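Note sheet for the following structure.
The values are calculated or read from the model by the stated rules, or taken from the named source; none is laboratory data. Fair warning: this is a prediction, and the values are worked out from it, not measured in the lab. Positions of Cβ are backbone-derived with ideal geometry, glycine not excepted, and every protein chain shown enters the neighbour counts.
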Amino acid sequence: MQDGDTVALEGFTHLIPHAAGHELIRQGKRDLALVRMTPDVIYDQLIGMGCGRRLVFSWGGNPGVGSLHRLRDAVEHDWPAPLELEEHSHAGMAAAYAAGAANLPFGVLRGYAGTDLAEHTSVASVTCPFTGEQLAAVRAHRPDVGIVHAQRADRSGNVQLWGILGVQKEVVLASARTIVTVEEVVDELEPVPGAVVLPAWVVDAVCVAARGAHPSYAHGYYDRDNDFYVRWDGISRERDSFGAWMERHVVGTADVDEYHRSLELAVA
């Protein structure tokens, strides 16, 4: 990944690729266009550490708690750097990902009507050639790099994920390059009801990152760390406390294993 790339880290409710986001911070990536349907804590961290110049999203917050204070600081006070916003509806983001996955230039939906959101974001109007109906069009998401987290992969690079899913399949197919972090690598992927398998030919790299979705959860592996989300509100509220926490637990750790050890020591 290069500075200036467009990157999408996706996962809905669980399987959020926190470990991968932390590695972007450790590597000091800058000037990124960050895309995510629901930017939450990991995007608060990326933005607060100066990695992003632009955010394309449909909802942003600390789920179940409140605001993202580092996101707000960037938008309201240009700290640590100005942040350009492109806001969409959930349906608009999903349509843009689906269009990118299908190698189409834009997605079409019935949406944005009756609101002023379209006046403040990148939405156009198209006329259906069959009915004459006016529809909303959104530019396809085609990230330079798509990143998702999954439960497991086999030794050939096929990836399996299950539980509540978001747009992981679409972001993998839409992106020029794809990185998947997984809880484990196994010899064979056993069938799981409702599971999605991403074939090896659409994945560029698989990296083992056990507990790599923390503080979100990985269905079948570990639960959501609800207390962390509550603590994050206080940690991130002030610049100094945010910076000290990031230095200790992210910048000052080498990988996801050291990250978890640092959290355990902090609680002990």
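The conditions are (1) farther than 18 Å from GLY21 by Cα; (2) free of Cβ contacts under 8 Å to residues at least 60 places away in the same chain; (3) in a helix (DSSP H, G or I), and VAL230 fails exactly one of them. Which is it?
Checking VAL230 against (1) farther than 18 Å from GLY21 by Cα; (2) free of Cβ contacts under 8 Å to residues at least 60 places away in the same chain; (3) in a helix (DSSP H, G or I), the one that fails is (2).
With the requirement that a residue be surrounded by 15 or more Cβ atoms within 10 Å (Cβ to Cβ) and either touching a strand residue (DSSP E or B) at 6+ places or on another chain (Cβ under 6 Å) or not aliphatic (A, V, I, L, M) (or both), what does the stretch 197-207 give you?
Residues satisfying the conditions are VAL197, LEU198, VAL203, ASP204, VAL206, CYS207.
Hey, among the residues in the stretch 225-267 that are surrounded by fewer than 17 Cβ atoms within 10 Å (Cβ to Cβ) and among the polar types (S, T, N, Q), which one's nearest to GLN45 (Cα to Cα)?
Among them, the one singled out is SER241.
Any residue in the stretch 104-122 that's more than 16 Å from ALA140 (Cα to Cα): show its pairings with residues that are modelled with pLDDT under 90 and not in a loop (DSSP other than H, G, I, E, B) at Cβ separation under 9 Å, as long as the two are six or more apart or on different chains.
Cβ pairs passing all conditions: TYR112/ALA118.
Are any residues in the stretch 67-85 farther than 19 Å from LEU9 by Cα, out of contact with any Asp or Glu (no Cβ under 6 Å at 6 or more places or on another chain) and either among the basic types (Lys, Arg) or surrounded by fewer than 19 Cβ atoms within 10 Å (Cβ to Cβ) (or both), and if so, which ones?
SER67, ARG72, VAL75, GLU76, HIS77, ASP78, PRO80, ALA81, PRO82
Within the stretch 178-189, how many residues turn out to be surrounded by fewer than 22 Cβ atoms within 10 Å (Cβ to Cβ) and either under 24 Å from TYR259 (Cβ atoms) or at pLDDT below 95 (or both)?
3
Just a yes or no: is a residue in the stretch 144-151 among the acidic types (Asp, Glu), outside any loop (DSSP other than H, G, I, E, B) and within 26 Å of GLU86 (Cα to Cα)?
no
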